[in-house]
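Here's the structure we're looking at; comments come further down.
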Amino acid sequence: MNTKANNPSAPPEAQESYIVSEGKKRGATRDVRPEAAFDRYYTVLRVHPGDALLTDNWHTNEVLAHTRSNFEGYTFAMRTLEAWGAIVESDQRAYYTAGGRVWVMDLEPCEGKKARLPGAGAGKK
């Protein structure tokens, strides 16, 4: 016996924008604060767990390595960092959520876009 109703459900209401809280989703928009300036640039000096006590396992290590290789040593506009999900707290610190963990980014303000710092990211020992 079929107990499910055969009534079609009403179509969902369309959303004007979809706010993504973590990770990159194709075609989604992000909530960026109006204070996030296009003309303020920061170089990400270091990505680390801050004061968090993290489990030493494959997932945590892979997420940290991936985050480091994609952010450390690069210069970003403040607005770009926030569009990618980072929260810029001050000129020296930002927070980024990836893999269910909050990573701390040590920042350095700079005049404009510049080349990646040598020794940063994937090949770093």
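What follows draws every value from the coordinates through simple rules; no lab data is involved. Bear in mind that the values here come from a model prediction, so they are computed numbers and not experimental data. Cβ coordinates were reconstructed from backbone atoms using ideal geometry, including for glycine residues, and neighbour counts include every protein chain displayed.
Given labels modelled 7 Å from the Cα in the Cβ direction, how far is it in nm from ARG46 to ASP106?
Placing both labels 7 Å beyond Cα along the Cβ direction yields 0.2 nm.
Could the peptides 71-81, 102-112 be put in order, highest first, of the mean number of other beta-carbon atoms found within 10 Å of their residues?
71-81, 102-112
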